[in-house]
């Protein structure tokens, strides 16, 4: 491989890397800790960037709390689902102010940054679940992705003829 082709490859890689960056509000240094791991060890005060799908939005008198089904995040900070069972547990994120439940509906993807401020026991059905709770600095609601189903016409079968 020549020096020129190496330089071109390096430039192409740098341009591609520039396309996949974390959104400015979500940038920073965060612990590589999932909500499930945070439950197993006391991580109060740890800075985290977590995301997933909203399960419930609860407007309170002075803040809004979100119950979220967590997933890993891709390179942009967006929740990335490898499959239906790809979850890292649940968490609660609270932020001062009103966030409209009509906009922050269930199954919308969201990413938060903040610090773990404690833990809260809640029920999921009849099961008692311990949620890590973060005091959110950033609430980033991702735009809904539209999915397009492409249907292609199969090539003609040999016995159909070519007319």
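So which residues in segment 86-114 are farther than 26 Å from residue 24 by Cβ, buried (at least 17 other Cβ atoms within 10 Å of the Cβ) and either touching a residue at least 40 places away in the same chain (Cβ under 8 Å) or in contact with a helix residue (DSSP H, G or I) (Cβ under 6 Å, 6 or more places away or on another chain) (or both)? Matches in segment 86-114: 89, 90. Tell me, which residue of segment 59-71 that is part of a strand (DSSP E or B) and in contact (Cβ under 8 Å) with a residue 24 or more places away in the chain is nearest to the chain's Cα centre (by Cα)? Ranking the candidates gives 70 first. Residue count for segment 54-64 satisfying the condition of being in contact with a strand residue (DSSP E or B) (Cβ under 7 Å, 6 or more places away or on another chain) and surrounded by fewer than 18 Cβ atoms within 10 Å (Cβ to Cβ): 5. Checked against the criterion of being farther than 15 Å from residue 139 by Cα, over 18 Å from the mean Cα position of the chain (by Cα) and either surrounded by 11 or more Cβ atoms within 10 Å (Cβ to Cβ) or modelled with pLDDT under 85 (or both), the candidates 83, 18 yield just one match: 18.
Condition test on residue 51, is it at pLDDT 90 or above and in contact with a strand residue (DSSP E or B) (Cβ under 9 Å, 6 or more places away or on another chain)? Please lay out each step first, then the result.
Working: at pLDDT 90 or above: yes; in contact with a strand residue (DSSP E or B) (Cβ under 9 Å, 6 or more places away or on another chain): yes.
Taking the combined requirement at face value, the residue satisfies it.
Select from segment 54-78 the residues that are in contact with a helix residue (DSSP H, G or I) (Cβ under 9 Å, 6 or more places away or on another chain) and either at pLDDT 95 or above or closer than 13 Å to residue 93 by Cβ (or both) and list them in ascending order. 68, 70 - these are the residues of segment 54-78 that are in contact with a helix residue (DSSP H, G or I) (Cβ under 9 Å, 6 or more places away or on another chain) and either at pLDDT 95 or above or closer than 13 Å to residue 93 by Cβ (or both). Scan segment 34-57 and give yes if some residue there is more than 14 Å from residue 133 (Cα to Cα) and part of a loop (DSSP other than H, G, I, E, B), otherwise no. Taking every residue of segment 34-57 in turn, none turns out to be more than 14 Å from residue 133 (Cα to Cα) and part of a loop (DSSP other than H, G, I, E, B). Considering (1) at pLDDT 90 or above; (2) more than 15 Å from the chain's Cα centre (by Cα); (3) surrounded by 12 or more Cβ atoms within 10 Å (Cβ to Cβ), the lone condition that residue 39 does not fulfil carries the number (1). Within segment 125-141, the set of residues being surrounded by fewer than 17 Cβ atoms within 10 Å (Cβ to Cβ) and in contact with a strand residue (DSSP E or B) (Cβ under 8 Å, 6 or more places away or on another chain) comprises 128, 129, 130, 135, 137, 141.
The values are calculated or read from the model by the stated rules, or taken from the named source; none is laboratory data. The structure presented is a predicted model; accordingly, all values stated were derived computationally and were not measured. No Cβ is skipped: glycine too gets one built from the backbone with ideal geometry, and neighbour counts run over all protein chains shown.
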